[in-house]
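In what follows, a structure is listed as structure tokens, so that the remarks can point back to it.
Derivation of every value follows stated rules applied to the coordinates shown; laboratory data play no part. Fair warning: this is a prediction, and the values are worked out from it, not measured in the lab. In this analysis, Cβ positions are derived from the backbone assuming ideal geometry, glycine residues included, and neighbour counts consider all displayed protein chains.
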Amino acid sequence: MKKLFAINIKIILIFLIHCCVAYSAGNGSALLKQDWSFKSFFGTFDRASLQRGYQVYTEVCASCHSMQYLSYRNLAEEGGPEFSLEQAKAIASNFEVTDGPNSDGEMFTRPAKLSDKFVMPYANTEEAKLSNGGAYPPDMSVLVKARAGGADYIYSVILGYEDPPEGMVLDDGVYYNKYMYGNKIKMPPQLYEDLVIYSDGTPATPEQMAKDVTTFLAWTAEPKLEERHKFGFRAIIYLLILTILVYFSMKRIWSRVETKV
Amino acid sequence: MSSHEYTPSSKFGKWFNDRLPLLTLTNHLTDYPTPKNLNYWWTFGGILTFCLITQIITGLVLAMHYVAHADLAFGSVEHIMRDVNYGWLIRYVHANGASMFFLAVYIHIFRALYYGSYKSPREVIWIIGMLIYFLMMATAFLGYVLPWGQMSFWGATVITNLFSAIPLIGESVTHWLWGGYSVDNPTLTRFFSLHYLFPFLILGLVILHIWALHVPGNNNPIGIDIKKPSNDTVPFHPYIVIKDIFALLIFLIIFAFFVFFSPNILGHSDNYIEANPLVTPAHIVPEWYLLPFYAILRSVPDKLLGVIAMFAAIFVLVILPWLDTSKVRSALFRPIYKQFYWFLVADVLILGYMGAMPAEGIYLLIARVATAYYFIHFLVILPILGKKERTLNIPLSITEPVLGGMLNPSMAKAKKDTEKINSLG
């Protein structure tokens, strides 16, 4: 019986290991892995990288990709790029928003304020599709969370453009990307050496820009990440201390009966 | 229930208690004689109660900020995550809380299966428990639809389409569920309404579940009937209360790791894409806790029979007290049953894994074998095993095997097993 039982457990274990292996293999182990500062237990965003990432987003991505759930005030909030309020106001005022109606019943445009949502590049999905060969550039607010592989996947796709393998014929306006699902993407390659000029003097290599913009997108997807990590650390320390105290209380109470707990 | 009549000490207490015996109830709950050899697998009842209350409270707060409208739902969830004070915490507790709830309920159910807690005189506790489990699955499914992401929408489409398999009236029933000709805004609003209602039905059933438990009292790892109160029991308070709190805290630490450090690992990334009726995701998969049933559904080639098989998988659990013919409760004294128990655990895990894989080739074949075995376990093995199995001798009381005085070798083995269980616990 004992033997049969042991075999039984082994079957379960082998099966579980197999599951894990199959799972990790199925998730595209080929992705370019980066050492993201926000991944670890105490992970925080690299402030300078977020600010550079915003610059890449606004100068490159924002011409097609919207960011509908963010407001300009978020840029100055704790745990984000932490631009100063003045900088964030200045950033916002570069954009025109439609407001109204005014007392004459007319809609009017004005410079954006901190409380305004990020201005969308297109009026609607149809216009976005029309301008991009039928493909809709997805909203970037939660894009990192919306893709298996997360930040690594986004980073890999940005840098994953290659010549198609022999014999693969691509339609006009379709590009080969090593990491994209199905390897076909309608977004042309975006990043070239010195495409943007970083004000902090960081050399704008494609890898650097990809890393910065991915960091920025990780923040837009999870703006409370730093608060969450801090809160979580405290919560778990609190729970551990309480557990130890309750453990000794329990031992004490159960010492009155001969059964062990 | 408790054998003695309770009289409050204060005059007001007595006056009040004569009119509404709340104090008698409180006294019953604190004095409630509990077997003293309960191990930590028995702490999940308390943990589950905690999970239910947590889901209700976080859900109440979420409902204050959530908008049940096809155009606004996804955005309102992002509003909760970004602009509501601690909204991210409340939502992640609620979303991961559902998974933790199911984790706890599966442990609770498999504990009952191992120690035969469903057997006479506890059949009604078990059946109410299965009703709770069924309602939990319904509630979880409804809740998963509310964020109105891609998996929400397509999950809802797949599951509601199951009803179209009913002959003759199937299509009408499906349209009635949808409130239209496809999953759309009317579906979302009614799912929200029902998702708000069901937890309170579950709460009512939980009260009945505990009430029914307090009639015969707890089963225990040895699975024998015990005298109450006696040397074999301890009062619920403080002994079981403190033990339950300790176990709950361990559970909360694991819960906290999910909430604070990988809040999305149990979800599907596609659910962060807003629902789009024109784009079908590559693989539509339910949440992990429904995967075994999803595997059973897909392993039957015929749609109607698949739906029947899926519901039958739950129904065989409901009638389990009459399928298992063995009079011996605990698997500790059923050497063969113990083997089959672990085969069943493996089988359900395999089904869960196959539910996450595409239904084709080797995966489909394995899922079919596992589905067949699932039913064979309950419908063939258990009824026969109860009649054929040579069970070990059962101790007369909880204290007896601990205090020695073995009558025969099998008893000595039973002693070892109980000690092992006690040291585990």
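Taking 13 Å as the straight-line reach from the Cα of residue B:228, the aspartates and glutamates in range (excluding those fewer than 8 positions away in the same chain) are B:31. Distance cut-off 28 Å, Cα to Cα: go down the list A:178/A:230; A:33/A:186; A:145/A:230; A:117/A:211; A:113/A:224; A:117/A:178 and report the pairs above it. Cα-Cα > 28 Å for A:178/A:230; A:117/A:178; rest within. Ordering A:237, A:155, A:66 by the projection of their Cα atoms onto the charge dipole of chain A, which places +1 on the Cβ of Lys and Arg and -1 on the Cβ of Asp and Glu, puts A:237 at the extreme positive end. When only the Cβ of Lys, Arg, Asp and Glu is charged (+1, +1, -1, -1), the dipole of chain B relative to its Cα centre reaches about 1520 debye. Rounded to the nearest 500, the helix-only mean residue ellipticity at 222 nm of chain A stands at -14000 deg cm²/dmol, with each DSSP H run of n ≥ 4 adding -39,500 (n - 2.57). Determine the shape class of the stretch B:206-344: with a ≥ b ≥ c the square roots of the Cα gyration tensor eigenvalues, call it rounded for a/c under 1.5, and otherwise prolate if a/b is greater than b/c, oblate otherwise. Because a/c hits 1.5 or more and a/b fails to exceed b/c, the stretch B:206-344 counts as oblate. For the stretch B:285-391, the tally of Lys pairs with Cα-Cα distances below 30 Å comes to 5, considering only residues 8 or more apart or on different chains. Each label was represented as a point 7 Å from its Cα along the Cα-to-Cβ direction; for residue A:125 and residue A:172 these points are 2.6 nm apart. Along the stretch B:354-363 the Karplus relation, 6.51 cos²θ - 1.76 cosθ + 1.60 evaluated at θ = phi - 60°, assigns HN-Hα couplings of 5, x, 8, 8, x, 7, 7, x, 5, 4 Hz to successive residues, with x for each Gly and Pro. Other protein chain C-beta atoms within 10 Å of residue C-beta, averaged over A:243-250: 5.
Among B:51, A:64, the order by Cβ neighbours within 10 angstrom, fewest to most, reads A:64, B:51. Using just its DSSP H runs of length 4 or more, each adding -39500 (n - 2.57), chain B gives a mean residue ellipticity at 222 nm of -21000 deg cm²/dmol after division by all residues.
Under the classification rounded if a/c is under 1.5, otherwise prolate if a/b is larger than b/c and oblate if not, where does chain B fall, given a ≥ b ≥ c as square roots of the Cα gyration tensor eigenvalues? Cα axes put chain B in the oblate bin.
Look at B:31, A:99, A:171, B:270 and count the other Cβ atoms within 10 Å of each Cβ; fewest to most, that gives A:171, A:99, B:31, B:270. If only the Cβ of Lys and Arg carry +1 and only the Cβ of Asp and Glu carry -1, the dipole of chain A around its Cα centre is close to 2380 debye.
Highest mobility in the GNM of chain A, judged by mean-square fluctuation with C-alpha springs under 10 Å and restricted to A:204, A:112, A:235, is found for A:235.
Annotation: extensible slack from residue B:71 through residue B:359 equals 100.4 nm (criterion: 0.36 nm per residue apart, minus Cα-Cα distance). Of interest is the spacing of the C-alpha centroids, which for the stretch B:250-269 and the stretch B:140-213 amounts to 25 Å.
Using a/c under 1.5 as the rounded threshold, could you call the protein assembly as shown rounded, prolate or oblate? The axes a ≥ b ≥ c are square roots of the C-alpha gyration tensor eigenvalues, and prolate needs a/b larger than b/c, oblate otherwise. Taking the square roots of the gyration eigenvalues as a ≥ b ≥ c, the protein assembly as shown is prolate. Projecting the Cα atoms of A:128, A:51, A:181 onto the charge dipole of chain A, computed from C-beta unit charges around the Cα centre, puts A:181 farthest toward the positive end. Residues B:119, A:186, ranked from the fewest to the most other C-beta atoms within 10 Å, line up as A:186, B:119.
Mean partner shielding of peptide B:243-249, defined as the number of other chain Cβ atoms within 10 Å of each residue Cβ, is 5.
Where nothing but the Cβ of Lys and Arg (+1) and of Asp and Glu (-1) is charged, how large is the charge dipole of the stretch B:285-391 around its Cα centre, in debye to the nearest 20?
In debye, rounded to 20, the stretch B:285-391 gives about 520.
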